[in-house]
Amino acid sequence: MSPDHRNVSCPSGQVSRRRLVGWSVLAAAAVPLGVLGRPGPAGAAESPDQAYQRAFLEAVAADPTVRRHTVQGREFLYRPRQLLVAPQDLARVLSRLRGWGHQVVEVAGFGGVRRLLFQQETDIPGVVTKLRDPRQWPGQPVPLVQPHHVLLGFGNIMGNPGGPPRVAAPLPAPDPARQGEGAGVTVGVCDTGIWRRAGTAHPQWLGGSYLPETDDEDALYLGGTQLALQGGHGTFVAGVVRQAAPGVRFDPEAALTPTGIGDEESLVAALGRLSSAVAIVNLSLGYFTQDDQPPLPVANALAGLPRTVAVVAAAGNAGTTRKAWPAALDQVVAVAAVSAGPTGPVPATYSGHGSWVDACAQGDRNSTYVDGELYLSGQPTLLFHGFAAWAGTSFATAHVSGRIAALMTATGLDAASAAALLVAGPVWHPDYGVLVG
């Protein structure tokens, strides 16, 4: 690996794809969010899941562009030295910070928020807590401020079990009788991007279903054919969408590195690059925020989409009721995962859940993947030849996005209306919403 860390002292207003994939190998790790599996007893061999999780831990610990807030139950990841502020609050926040002795300058913002950069390493969560304290603002509204949060791809790595993709046999050919499902509908897939060879390697499933563009490519490999920890996540997600609606087109955009990590700026930039033809936005990613508050820039970006667009996002793999964003935003369809039980589906133990969840679907799926080898310390090498099995709310989310597209073609409804119809059915299980088959 040759790290090319983002220069946090000079953040830009737009994150280019080249800069995004050049970030060092980062972690979409469970440990900072308090949900990693524990190592086995001393001397016991690690399981593949534990080895996978440990790889993320080590990458996060080594990366200077990620900080961890580790208070139990309130964990989140964030970028160092950056503070995001609503425009109307900028002047008084700047004044207050300078009054407290901080050296801070404004740099390029994004997502309708302003960004302040501290000249020295600073306890950003502590600053946010202080600024959010109403006692600091007698007779005034509390300013809207937050850290610049780091977000993650939900490839079942934030909960238990949290493991790597598994080698799987090729999918059978699409059913010709279902080719009309989703026809004329475009789904935006903001993820790790798309494998360069996806269309040619998977002609029946992905060929001709998207416009190949260089800046949408997933930089899968650490070197040679060695896969990054979430290289191919976006290609897997795209295949799940197409299985749910074989006639749909998709627009892949890179919001995450091949290790499954990005931030609010990279997600806002990916949303901004989506084609105007996109009717459904699939976000198989998410994050926790400080104090579980809605994220300002992402909420702004999603609010700027046409009202007919449906946004579908993963509820996360932390196995708790804590809100994952952007899934928990009111205008977003939040998707949990179910697992196969002896007599039918059961709630997936790893899945996020709660009153804020709208729907659920099977989380463990086989799909289109990539060619390469995944190396985990102490484990046999995993050799992939274009297909894989993987579990997580990411893949439940992709299925729901596809079924919304299929409902659009069946009913003639726009995406937002079709999504509302889909989730209007009876709740399958408390805190899991409607079960989407």
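Of these, F118, F76, which one is free of Cβ contacts under 8 Å to residues at least 60 places away in the same chain and either surrounded by 17 or more Cβ atoms within 10 Å (Cβ to Cβ) or out of contact with any strand residue (DSSP E or B) (no Cβ under 9 Å at 6 or more places or on another chain) (or both)?
F118
Let's see how each residue does on (1) at pLDDT below 95; (2) crowded, with 24+ Cβ neighbours inside 10 Å:
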{"position": "W195", "(1), (2)": "no, yes"}
{"position": "Q204", "(1), (2)": "no, no"}
{"position": "Y210", "(1), (2)": "no, no"}
{"position": "Y221", "(1), (2)": "no, no"}
{"position": "L229", "(1), (2)": "yes, yes"}
{"position": "R242", "(1), (2)": "no, yes"}
{"position": "R249", "(1), (2)": "no, no"}
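List the pairs whose first member sits in region 93-113 and is surrounded by 13 or more Cβ atoms within 10 Å (Cβ to Cβ), whose second member is in a loop (DSSP other than H, G, I, E, B), and whose Cβ atoms are under 6 Å apart, counting only residues at least 6 apart or on separate chains?
What qualifies is V93/P143; V107/P11; A108/S12; A108/G13; F110/G13.
Can you name the condition, by its number, that G199 falls short on among (1) surrounded by fewer than 24 Cβ atoms within 10 Å (Cβ to Cβ); (2) assigned to a loop (DSSP other than H, G, I, E, B)?
Failed condition: (2).
Given the conditions (1) out of contact with any strand residue (DSSP E or B) (no Cβ under 9 Å at 6 or more places or on another chain); (2) not in a loop (DSSP other than H, G, I, E, B), report the number of the one that G234 does not fulfil.
For G234, the failing item is (1).
Hey, among the residues in region 53-72 that are at pLDDT 80 or above, aliphatic (A, V, I, L, M) and crowded, with 16+ Cβ neighbours inside 10 Å, which one's nearest to D292 (Cα to Cα)?
Within region 53-72, the match that is nearest to D292 (Cα to Cα) is V66.
When you look at V187, is it surrounded by 24 or more Cβ atoms within 10 Å (Cβ to Cβ), in contact with a strand residue (DSSP E or B) (Cβ under 7 Å, 6 or more places away or on another chain) and on the phi < 0 side of the Ramachandran plot, yes or no?
Judged against the criteria, V187 is a match.
Could you please tell me which pairs satisfy a Cβ distance under 8 Å, a separation of 6+ or placement on different chains, a first residue in region 381-406 that is without any contact (Cβ under 8 Å) to a residue 24 or more places away in the chain and under 15 Å from L229 (Cβ atoms), and a second residue that is charged (D, E, K, R) and outside any helix (DSSP H, G or I)?
Close Cβ pairs satisfying both conditions: T381/E373.
Determine whether D364 is acidic (D, E), within 25 Å of A277 (Cβ to Cβ) and surrounded by fewer than 22 Cβ atoms within 10 Å (Cβ to Cβ).
It is false that D364 is acidic (D, E), within 25 Å of A277 (Cβ to Cβ) and surrounded by fewer than 22 Cβ atoms within 10 Å (Cβ to Cβ).
Is one or more of the residues making up region 60-82 in a strand (DSSP E or B) and of a type in the set (G, A, S)?
Among the residues of region 60-82, not one is in a strand (DSSP E or B) and of a type in the set (G, A, S), which makes the answer no.
The values are calculated or read from the model by the stated rules, or taken from the named source; none is laboratory data. On a predicted model such as this, the values are computed, not experimentally measured, just so you know. Virtual Cβ from ideal backbone geometry, glycine too; neighbours counted across all protein chains shown.
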